[in-house]
Amino acid sequence: MTDVYLGLGSNLGDRHTLLLAAIEQLVQHVGRLVRCSSFIETEPWGFASDHPFLNAVAWFQTNLTPRELLTTTQEIERNLGRKEKSISSAAVTDASASVPHYTDRPIDIDILLYGDQHINEPDLKIPHPLMHERDFVMHPLNEIRNQ
């Protein structure tokens, strides 16, 4: 079993219910939930929106590989109404679009940490490269790691 930390966020629909549903599906398909942080409300990061986020970090133990975990989290996002992923600058071929494009979303699940592994692939980067810039990730992560 490998310890994994997942960042969860929602800013459309019933955010609290969507986060709980994501956690329930993660338990069913990812592994054992060790601990989940408090839910915190935050302003959107990286784009302007009138819809604040509800964020949390969940610590799981899993037997899934990092690639299987990514596939599973993306499937859960689709099950909960997410139509498309944000487009990162790495996936954009137009040179004028050099920054990630973020949008409102019912659910977002990011792999923050997967054991002590470091992965740098176009669609999978572990540890999450922007997590240290995001208080809405670091505060809940520190909450569950320091309990």
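Applying the criterion of being exposed (fewer than 15 other Cβ atoms within 10 Å of the Cβ), touching a strand residue (DSSP E or B) at 6+ places or on another chain (Cβ under 6 Å) and not aliphatic (A, V, I, L, M) to the residues of the range 17-48, the residue that is farthest from Tyr114 (Cα to Cα) is Glu41.
Exactly one residue out of Asp104, Asp110 is within 28 Å of His16 (Cβ to Cβ), assigned to a strand (DSSP E or B) and either among the charged types (D, E, K, R) or modelled with pLDDT under 90 (or both): that is Asp110. If you go through the range 13-28 and keep only what is under 19 Å from Leu70 (Cβ atoms) and among the polar types (S, T, N, Q), you end up with Gln25, Gln28. Scanning the range 21-43 for residues that are touching a Pro at 6+ places or on another chain (Cβ under 9 Å) and among the polar types (S, T, N, Q) yields a count of 3.
The values are calculated or read from the model by the stated rules, or taken from the named source; none is laboratory data. Note that the coordinates shown come from a computational prediction; the quantities given were computed from them, not determined experimentally. FYI the Cβ positions are ideal-geometry reconstructions off the backbone, even for glycines, and counts take in every protein chain you see.
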